[in-house]
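Structure first, commentary second.
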Amino acid sequence: MQIYFFGALIATSLRHSNKHFTDMKTIHYLALAATATVLLSYGCTKDHNRGRFPSDNRTDVKPTEVEAVLTNDWTIRYVGRQDETLDDGTSGQYELFSVTPSASAAAAAYYFDILKTDKTMSDDNGNMYDELTWWYDGKVLDFFEDDVNIANKQGNAPVSGSQQFTWDRLYEGNYRVYVFGVDSKGNPTGRYSVMDLSLKQEVPTEAYSKWLGKWEVTGKKKNDINSTATYMLEIVQAESNYSYYIDGWEWENGSKLSTDLNGTWFTAWFNKNAGTIVISPFVNRSMTFENGSGLLKQIPDGTYDLTLVGNYYFNGLSSTMREGEYHYIGQGIMAEAFMDSEETATIKPWKITLDESGYTTDYTSMQFMLIDADADGDGYYHDVELNPDVPVFPLSMTRSHASSTTSRATVAHAPKVISENPMGRPSYSRRRTSATKSAASGTTFASRNEIRR
C-alpha cells in the first residue's frame, strides 16, 4: 500500500511564535502543515521555511513513562526524489521513502517524521541548535509525544506494515528520518528506528543556470504610468534546478522603501517544464515596532511580516468586497518570467480568481508590504505599504554585464538556516490552482483569508 504524504500550505490567521530567530521569525500565516491524500498525516505540522511547528499547547505532552529504545524494528529507505507536473502545468518535486517492519514488528503501529539535524535554529544570542534540541531540548520522547498530540488533534491514525511515504522536497542538508511505535491507545512505546539522510545540491542544468546573474527590470510606475521604475535585480542560486534568491526588488538601484529596511530578497521557483521562473507571495522576515518606534514612518505598534504580495484590482461586483485594489498573501503564483533571448526576458502576470465571487483578473503588480501579524486584537489589520512606486506588469528584463558581487552579499541576506518552500511544492493547496495555464500565464484561486486591502 502506498501512503502519500505531502506537506501543504495552509493559509491561516493562527500565529505560532514561541521563540525568536536571529534573521527571521516563524512565518505566521504561510505555515506548512503536513497532510496526506488518504488523510494520514503523521503528527508533523511542518514549516520547511523554519523547521517544525510543535503542537500549540505543549502542556498536552504527557509525562514520559517509557524509555526511548533505538531498535531495528523498522528499516527506512530513501527511494529518491520524484518529479511531477502540478495541476497548473508547472514542475514539482517530492521525496519518496519506504518503511519495512521486521518480522517481530510486522503488526506494530507507527508514525513517520523527519527532523533536520544541522544546527540551523538560532536564539537572540546567536546560539545555534538542531531542530530536536530547539523544539524538544533533545528529548526524543517529547518529540514522539508531541507528534501523537498533533495526530490526535488532526484525527490521523498510525499505520502498520510496509508503507511508502512522500514528503515535501527537502533542501540541501542533513536530516534524521524517524519511525516510532505506538501502543493500542496511541501512546509512544519508546521503540523507534532512524535513518540519517544527507542531501547535496544537484548539478545545475543549463536551463536553470541561464537565469543567474544581474538583470535590469523596468516597468511603468504603479501610481504614475507616465514614469518608469527600474530595479537592478540579482538572481542567485538557492537550490539548484529548483529555486532562486532574487535580491534588489524595491531596494538597491531602485526606489528605496519608505522605512529603514534592507535585504528585501525573496525566493522564486524554477519551472523546468518551461524553463521559466515563477514568483509567489513570500515572507522575508518578521518585524516588531514598540513604543511608537515606527510612527515616523506611519507604522503603528505591532508585529509585522515583511511580505512580497501580489496586487490586483477588484471591480466591486460582490456584496462582500468593495471596489478597489487588493493584496494577495496566500499560496499560488503571481507572475512568471519568460526568457525572450539570451539577453532579455519578460515578467508576465498570472490571473487570480476569487473563490467566493468567481471574479477573475490579472495581477497588476507585486510589492513588499508590512503585513500586520496580530491585528492588535481590534479586528483590524494595520498593513503598511512601503513603496507606492513599484512597476506594474508586464516587466521587461535586460541582462546586466556589470561585475557581480553576488553570492556573499546576497546569500548573507538568505542564510542556510532558511529552506524556503512557501508554496509547498507539491502541496494539497496547490490543487486549487486552475489547470488553465497558457503560454503566457496561468490562474490562481484565492480564498478570503488570503486577501487584504
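What the table below lists for this structure:
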quantity: Residue-wise HN-Hα coupling along segment 163-170, computed from phi with Karplus coefficients 6.51, -1.76, 1.60 (Hz; x: Gly, Pro); calculated: 9, 10, 10, 10, 9, 3, 4, 8
quantity: Two-decimal ratio, segment 77-204, of alpha-carbon radius of gyration to 2.2 N^0.38 Å; calculated: 1.18
quantity: Karplus (6.51, -1.76, 1.60) ³J(HN,Hα), θ = phi - 60°, over segment 360-372, in Hz, Gly and Pro reported as x; calculated: 10, 7, 7, 4, 9, 6, 9, 7, 7, 9, 8, 9, 4
quantity: Sparse-neighbour loop sites [GluC sites (Glu not before Pro); segment 312-403; at most 14 other C-beta within 10 Å; DSSP]; calculated: 323, 342, 343, 356
quantity: Under-5 Å amide H pairs with residue 277, H placed in peptide plane, nonlocal only; calculated: 271, 337
quantity: Sites matching trypsin sites (Lys or Arg not before Pro) across segment 167-218 that sit in DSSP coil, with at most 12 neighbouring C-beta atoms within 10 Å; calculated: 185, 200
quantity: Mean projection area, nm², convex hull over Cα of segment 289-342; calculated: 7.4
quantity: Flagged links, alpha-carbon separation over 23 Å, of 119/272; 210/351; 119/200; 119/153; 214/351; 153/185; calculated: 119/272; 210/351; 119/153; 214/351
quantity: Sulfur and carbon atoms: percent of accessible area, segment 131-221 [1.4 Å]; calculated: 45
quantity: Extension gain, residue 389 back to residue 125 (0.36 nm per residue minus Cα-Cα distance, nm); calculated: 91.3 nm
quantity: Long-range amide H partners of residue 228 with built H, under 5 Å; calculated: 221
quantity: For segment 299-307, 3J(HN,Hα) per residue [Karplus equation, 6.51 cos²θ - 1.76 cosθ + 1.60, θ = phi - 60°, Hz, x = Gly/Pro]; calculated: 10, x, 4, x, 9, 10, 9, 6, 10
quantity: Two-decimal Rg to Rh for segment 151-221 - Kirkwood Rh, Cα set; calculated: 1.24
quantity: Value of D in µm² per second that Stokes-Einstein yields for segment 315-401, Kirkwood Rh from Cα pairs, at 20 °C (1.002 mPa s); calculated: 138
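The values are calculated or read from the model by the stated rules, or taken from the named source; none is laboratory data. Computed from a prediction, not measured in an experiment: that's the story for all the values here. Glycine also receives a Cβ, built like all others from the backbone with ideal geometry; neighbour counts cover every protein chain displayed. The protein model used for the area step is the full one, side chains on, heavy atoms only, and it has no ligands, DNA or RNA in it. Shrake-Rupley method; radii C 1.70, N 1.55, O 1.52, S 1.80 Å.
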